[in-house]
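Colleague: Here it is, the structure in full.
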Amino acid sequence: MSVVASPTARTVHAACPHDCPDTCAIRVTVEGEQIVRIQGDPNHPPTHGALCTKVSRYAERVNHPERVLTPLKRVGPKGSGQFVAVGWDEALDDIAGRLREIAARDPQAIVPYSYAGTMGLVQGESMAARFFNKLGASLLDRTICSAAGGEALQMTYGGKVGMHLEHFAESKLIVIWGSNSIASNLHFWTFAQAAKRNGAKLIAIDPRKTETAEKCHQHIALLPGTDGALALGLMHELITNDWLDHDYLDRHVEGWPALRERALRWTPERTAAECGLTVDEVRGLARDYGMTKPAAIRLNYGMQRVRGGGNAVRLIALLPCLTGAWRHRAGGMLLSASGWNKAVKNTAALDRPDLLAGRQPRTINMSTIGDDLLRESSAAFGPKIEALVVYNSNPVAVAPESPKVVAGFQREDLFTVVLEHFLTDTADHADYVLPATTQMEHWDAHTSYGHTYVLINEPAVSPRGEAKSNCEIFRQLAARLGFTEPCFRDGDEAIARQAFNEQVDTEQLQRDGWFKLPLPDAPFAEGGFPTPGGKAIAEGPGVPLPDHVPNYESVATAPELAARYPLAMISPPARNFLNSTFVNVKSLRDIEAEPVVELHPADAAARSLVDGQAVRVFNDRGNYHCTARINQRARPGVVNGLGVWWRKLGRNGTNVNELTHQQLTDLGKAPTFYDCLVEVAAL
Ligand SMILES: Nc1nc2c(c(=O)[nH]1)N[C@H]1C(S)=C(S)[C@@H](COP(=O)(O)OP(=O)(O)OC[C@H]3O[C@@H](n4cnc5c(=O)[nH]c(N)nc54)[C@H](O)[C@@H]3O)O[C@H]1N2
Ligand SMILES: Nc1nc2c(c(=O)[nH]1)N[C@H]1C(S)=C(S)[C@@H](COP(=O)(O)OP(=O)(O)OC[C@H]3O[C@@H](n4cnc5c(=O)[nH]c(N)nc54)[C@H](O)[C@@H]3O)O[C@H]1N2
Ligand code: SF4
Ligand SMILES: [Mo]
């Protein structure tokens, strides 16, 4: 902490906790218990002093009049959101009693449900994981966002590794593939802008004409879920024009001959037809990619939320291996940098998987929670879910096929505890809501999936009301359940200090708030991928050759369905929300105004819809009520239902996940939010 202008003010090092690749380093200026200023750290290279609109207004979230400030106990019917305030002891005694009773029958009937409300290593899992491991509760497969791409990178490179964020500034071609960077990866965009000023060409590959696509030199508006075909088509052109780095392929890639053969079947004509593009677009993109050095690809998770998302990421990740783009530090690709953190993170000490003591509880996939909450006990499934403990997540809004998720959460025989800041759609369904602290009120330690620094977060103010940190809540539950291991007495600050091993300079971390991981500049210039043989893998033992896998729901794969629901819907994030977080911050919600579906003018005209009209977007699963926005952001045949509104703040209590389904991706068992056919009609 250092003293600033006002003699009573102090500045605290913080880190943005949100599920955003930028993981900004923040400086919070505090006077007493007042947050007077929140700014980006000017010295942290990825943050360079700038925060997004959402987090620069963080004080509005911390001091929000609707924050939950005491434990709440349900008094109305399930889902009614009717609660009374109760004391901590009453709430925790009752919850511990209920969990003890269920665990005595079978602890696997208890399911933790959490995701990335905070990405902190302390408040994310740690004490929570210790608690559920000791209890022997069901495990949760946290697939809802990145599992398809993650497994794809694991298969191809041996880990979630890629370029350094800063090096994009030196690229001569940047392909922004399935990412609306200005909205969801703002600090990458700053480096892309620097490259542009140095003469780089920027190309966006995205079905939607996003604010990012508009600012690129070229926008390639392919059909959703056809990225694998496009990658194969590009390979075809790289081969036939001999824009290959044969030496790199020979020495650093396994399985190239088979991939070469497969790619040669993807002529520009076939590719263009599959992707809904012109032959010139396919050829031109291949020429740019094959002839420009250094060429970089920024992939984001948007493009892997379809049936073939995993295979598509594998194919795209192989492109820089064909051209040898990895030889230069400003060439290669980045989807996730989180694998680099493995070397410094003390995961076993934080989460204590050893507390399972040889037990192997069943695993629930968070992406099928709708179906799983409605299942009875069976040999295949195990025990019916009797209790759900939700923290850092809002599944009633964000999980696919919400009609089923809501039906599950409304079960009167389900005991639900939700740790939250606000009465979200999920908290409304709780038996107990427990008030959690925000990032300004607790300790944490952070890694990033978009850059290569680790960060520390010091509390800036005391907990508001009676709020407690997630860790403290699980610590108190552990004590009530009689868990006596010393790790259940670790304080939050102590856990933050356990987060990293000796490779992280803790003095520097404390002084600056962040520490850059010691990594090579151009990590794969000479191969050296973290696979067993050090090569990137196209095909190998246990690794089949990647292929284009078409969507579950498309004209070609489901013609009967497409006859009734002819429009493909994607539901990418709205810029001023972060998943469903911030929807209740009025100043941000006012910018988004209302839930919308974007339609191309031709699709709107065919349905006699006009701009601004209230509409019903529907399929066999449900109805989403919103406002039609008719513009060129949508390509013909594809509508964009921007996410993810709270149902209760949306139109008629609906949001876009009324329409999505629970089928999973080819790799990683992830949801396929953007693989979804719908129809639109006037409301
Ligand atoms: N403002 C804001 N920032 C966020 C988030 C947010 O909700 N709001 N969410 C955060 C989270 S959780 C994540 S995982 C990250 C990454 O979040 P992503 O889901 O990657 O989001 P975007 O960067 O918007 O990229 C999605 C883009 O992919 C496009 N897209 C959809 N389908 C396809 C397809 O089949 N192919 C291709 N090529 N493109 C497709 C969409 O139109 C959209 O522009 O962003 C994080 N940052
Ligand atoms: N249709 C559609 N659905 C989607 C997506 C999409 O693009 N389209 N995106 C998907 C993606 S990429 C993701 S990652 C998921 C995101 O799903 P979630 O991880 O569930 O994200 P949020 O909706 O932001 O909800 C996080 C909640 O955690 C709470 N929280 C934050 N910090 C803390 C804390 O310290 N303690 C406690 N107890 N609570 C805290 C916040 O108040 C918030 O309500 O949604 C997915 N759903
Ligand atoms: S949401 Fe992303 S861009 Fe905004 S402050 Fe957090 S890390 Fe930075
Ligand atoms: Mo995500």
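Each reported figure results from applying straightforward, stated rules to the coordinates on display, with no laboratory input. Remember, it's a predicted structure, so these values are computed and weren't measured experimentally. For neighbour counting, all protein chains shown are included, and Cβ atoms are generated from backbone atoms with ideal geometry for every residue, glycine included.
Colleague: Cβ neighbours within 10 Å, averaged per peptide: list 518-527, 421-430 in order, most packed at the top.
Modeller: Packing proxy ranking, top to bottom: 421-430, 518-527.
Colleague: Classify segment 148-335 as rounded, prolate or oblate, taking a ≥ b ≥ c as the square roots of the eigenvalues of its Cα gyration tensor: rounded when a/c is under 1.5, otherwise prolate if a/b is larger than b/c and oblate if not.
Modeller: rounded
Colleague: Can you compute the label reach from Gln410? Point 7 Å from Cα along the Cβ direction, backbone N cut-off under 16 Å, restricted to segment 646-683.
Modeller: Label zone hits: 647-648, 652-655, 658-659.
Colleague: Note down the magnitude of the dipole of segment 202-298 about its Cα centre, charges +1 on Lys and Arg C-beta and -1 on Asp and Glu C-beta and zero elsewhere, to the nearest 20 debye.
Modeller: The dipole of segment 202-298 has a size of about 120 debye.
Colleague: Work out the charge dipole of the chain with +1 on the Cβ of Lys and Arg and -1 on the Cβ of Asp and Glu about the Cα centre, then indicate which of Ala606, Ile176, Ser462 is farthest towards its positive end.
Modeller: Farthest towards the positive pole: Ala606.
Colleague: Shifting gears a bit: Cα centroid distance between segment 246-276 and segment 622-683, in Å?
Modeller: Measuring centre to centre over Cα atoms gives 33 Å.
Colleague: Here's another thing I want to ask about it. For segment 176-215, calculate the relative contact order in percent as a whole number, restricting contacts to Cα pairs under 8 Å that are 6 or more residues apart.
Modeller: Normalised by residue count, the contact order of segment 176-215 is 55 percent.
Colleague: Moving on. So, in nm, how far is label Asp250 from label Thr267 when the simple model puts each one 7 Å beyond its Cα toward the Cβ?
Modeller: The modelled label-to-label distance comes out at 3.2 nm.
Colleague: Order 432-444, 465-477 from most to least packed using the mean count of other Cβ atoms within 10 Å.
Modeller: Going by the mean number of other Cβ atoms within 10 Å, highest first, we get 432-444, 465-477.
Colleague: Across segment 148-335, how many lysine pairs, 8 or more positions apart or on different chains, have C-alpha atoms separated by under 12 Å? Please give the number.
Modeller: Going through segment 148-335 pair by pair, I get 6.
Colleague: Evaluate the distance, in nm, between pseudo-label points positioned 7 Å from the Cα of Leu374 and of Glu594 along their respective Cα→Cβ axes.
Modeller: 3.0
Colleague: Just how far, in whole angstrom, is segment 189-206 from segment 489-555 if you go by their alpha carbon centroids?
Modeller: Centre-to-centre distance over Cα atoms comes out at 25 Å.
Colleague: Give the aspartates and glutamates reachable from Lys78 as a straight Cα distance under 16 Å; neighbours fewer than 8 places away on the same chain don't count.
Modeller: Lys78 reaches Glu386, Glu412, Asp413, Asp425, Asp428, Asp431.
Colleague: Pairs of alpha-carbon atoms within less than 8 angstrom and 6+ residues apart define the contacts here; what relative contact order does the chain have, in percent?
Modeller: That works out to 21 percent.
Colleague: Okay, moving on. If the only charges are +1 at each Lys and Arg Cβ and -1 at each Asp and Glu Cβ, what is the size of the charge dipole of segment 27-101 around the Cα centre, to the nearest 20 debye?
Modeller: Roughly 360 debye for segment 27-101.
Colleague: Okay, moving on. Among Lys134/Lys468; Lys404/Lys468; Lys54/Lys648, which pairs are too far apart, with a Cα-Cα distance over 24 Å?
Modeller: Correct reply: Lys404/Lys468.
Colleague: By its C-alpha gyration tensor, with a ≥ b ≥ c as the square roots of the eigenvalues, how is segment 559-682 shaped: rounded for a/c under 1.5, else prolate for a/b larger than b/c, else oblate?
Modeller: Cα axes put segment 559-682 in the oblate bin.
Colleague: Continuing with the same structure: Based on the alpha-carbon gyration tensor of segment 397-490 and its eigenvalue square roots a ≥ b ≥ c, which shape applies: rounded if a/c is under 1.5, prolate if not and a/b is larger than b/c, or oblate?
Modeller: Verdict is oblate for segment 397-490.
Colleague: Hey, which aspartates and glutamates would be in cross-link range of Lys516, C-alpha to C-alpha under 18 Å, not counting anything within fewer than 8 residues on its own chain?
Modeller: Qualifying aspartates and glutamates at Cα under 18 Å: Asp22, Asp41, Glu166, Asp444, Glu502, Asp505, Glu507.
Colleague: Are there cysteines in the chain with no second cysteine's Cβ under 4.7 Å away, and if so, which?
Modeller: Cys20, Cys52, Cys145, Cys216, Cys275, Cys321, Cys471, Cys487, Cys626, Cys676
Colleague: While we're on this one: If you place +1 on the Cβ of every Lys and Arg and -1 on the Cβ of every Asp and Glu, how big does the dipole about the Cα centre of the chain come out, in debye to the nearest 20?
Modeller: Charge dipole of the chain: 540 debye, to the nearest 20.
Colleague: Beta carbons within 10 angstrom, averaged per residue: use that to sort the peptides 343-354, 491-502, highest first.
Modeller: Top of the packing list down: 491-502, 343-354.
Colleague: Okay, next question. Over segment 148-335, what is the relative contact order in whole percent, taking alpha-carbon pairs under 8 Å and six or more residues apart?
Modeller: The value is 34 percent.
Colleague: While we're on this one: Taking only Cα atoms, what is the 0 to 90° angle, nearest 10, from helix 88-105's long axis to the longest principal axis of the chain?
Modeller: Taking the Cα atoms of the chain, the angle to 88-105 is about 70 degrees.
Colleague: Let me ask you something else. Please give the helix 309-323 orientation as an angle from the longest Cα principal axis of the chain, in degrees from 0 to 90, rounded to the nearest 10.
Modeller: Tilt of helix 309-323: around 50 degrees.
Colleague: Further, regarding this structure: How far, in degrees from 0 to 90, does helix 470-480 lean away from the longest principal axis of the Cα atoms of the chain, to the nearest 10?
Modeller: Here the helix axis deviates by roughly 50 degrees.
Colleague: A follow-up question, please. If neighbour count is taken as other Cβ atoms inside 10 Å, put Met119, Met303 in order from fewest to most.
Modeller: Met119, Met303
Colleague: Still on this structure, please answer the following. Based on the Cβ-Cβ distance from Arg37 to Ala348, what FRET efficiency comes out when R0 is 56 Å, to the nearest 0.05?
Modeller: Plugging the Cβ-Cβ distance into 1/(1 + (r/R0)^6) gives 0.90.
Colleague: Taking the Cα centroid of segment 428-483 and of segment 27-62, what is the distance between the two, rounded to the nearest whole Å?
Modeller: 19
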